[in-house]
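Inspection log for the structure reproduced underneath, given as structure tokens.
The values are calculated or read from the model by the stated rules, or taken from the named source; none is laboratory data. These numbers were taken from a predicted model, which means no experiment stands behind them. Note that we place each Cβ from the backbone using ideal geometry, even for glycine, and neighbour counts take in every protein chain shown.
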Amino acid sequence: MNKQATAYRRVQTDQPFEEVMKATEEALRRVGGRVDRVGHTIKIQNGDAGNLGFMATADAYAVVKPEANSTYQITCDITVRPGTLFWVCAIGGLFCLWPLWVVNLLYFVNDPAPAYQRALDQVVFFPPVAPPAVPPV
């Protein structure tokens, strides 16, 4: 019954790996839930489950992999599990309250990946800005 989704982003920057991890962690805090970091992996528990999150819970793992030419690949694997309301409506719908199955249908239409993709799109590094030149006096 679990659904899987993936969001990814490739970032090219001269920043060290630790700065990329820090920026990725801060960006993923926008999807809510508990954010923990272990090595190259960032774990998000009970994050954004999409527009209809009241019927599901989402967990995600984001992995940052260094590649050649100062490039980093960020991959976020999202797992969505049915929540309590899903099961209440499924069992209630089984016993003559079949309109409750609308909630179950909405679970399958709901997609949390755009929220995680928007968060990963916020991992941006700008080149350093040179201080303004002081005009000669």
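Give me the pairs: first residue in segment 35-46 and among the polar types (S, T, N, Q), second residue surrounded by 12 or more Cβ atoms within 10 Å (Cβ to Cβ) and at pLDDT 90 or above, beta-carbon distance under 9 Å, and six or more apart or on different chains, which are they?
Between residues of segment 35-46 that are among the polar types (S, T, N, Q) and residues that are surrounded by 12 or more Cβ atoms within 10 Å (Cβ to Cβ) and at pLDDT 90 or above, the close pairs are THR41/TYR61; THR41/ALA62; THR41/VAL63; THR41/VAL64; GLN45/VAL35; GLN45/ASP59; GLN45/ALA60; ASN46/ASP59.
Just one of the numbered conditions (1) at pLDDT below 90; (2) closer than 12 Å to TYR116 by Cβ is not true of ASP14; which one?
(2)
Kindly list the number of the only condition in (1) surrounded by fewer than 14 Cβ atoms within 10 Å (Cβ to Cβ); (2) part of a strand (DSSP E or B); (3) of a type outside the set (Phe, Trp, Tyr) that fails for VAL35.
Single failed check for VAL35: (1).
Among the residues of segment 59-109, which ones are among the basic types (Lys, Arg) and either more than 30 Å from PRO16 (Cβ to Cβ) or modelled with pLDDT under 90 (or both)?
ARG81
Is it true that GLN4 is surrounded by fewer than 12 Cβ atoms within 10 Å (Cβ to Cβ) and on the phi < 0 side of the Ramachandran plot?
Yes, satisfied.
Just to be sure I understand the filter: pairs with C-beta atoms under 9 Å, separated by 6 or more residues or on different chains, first member in segment 102-116 and over 16 Å from VAL88 (Cα atoms), second member charged (D, E, K, R) and assigned to a helix (DSSP H, G or I). Which pairs pass?
ALA115/ARG30
Just checking, does segment 114-125 include any residue being more than 16 Å from ASN2 (Cβ to Cβ), acidic (Asp, Glu) and in a helix (DSSP H, G or I)?
Yes, that holds for at least one residue.
Which residue out of THR57, THR75 is more than 9 Å from the chain's Cα centre (by Cα), in a strand (DSSP E or B), among the β-branched types (Val, Ile, Thr) and within 25 Å of ASN104 (Cα to Cα)?
THR57
What number of residues in segment 72-103 are in contact with a strand residue (DSSP E or B) (Cβ under 9 Å, 6 or more places away or on another chain) and either of a type in the set (A, V, I, L, M) or farther than 24 Å from VAL31 by Cβ (or both)?
Residues flagged as in contact with a strand residue (DSSP E or B) (Cβ under 9 Å, 6 or more places away or on another chain) and either of a type in the set (A, V, I, L, M) or farther than 24 Å from VAL31 by Cβ (or both) within segment 72-103 amount to 5.
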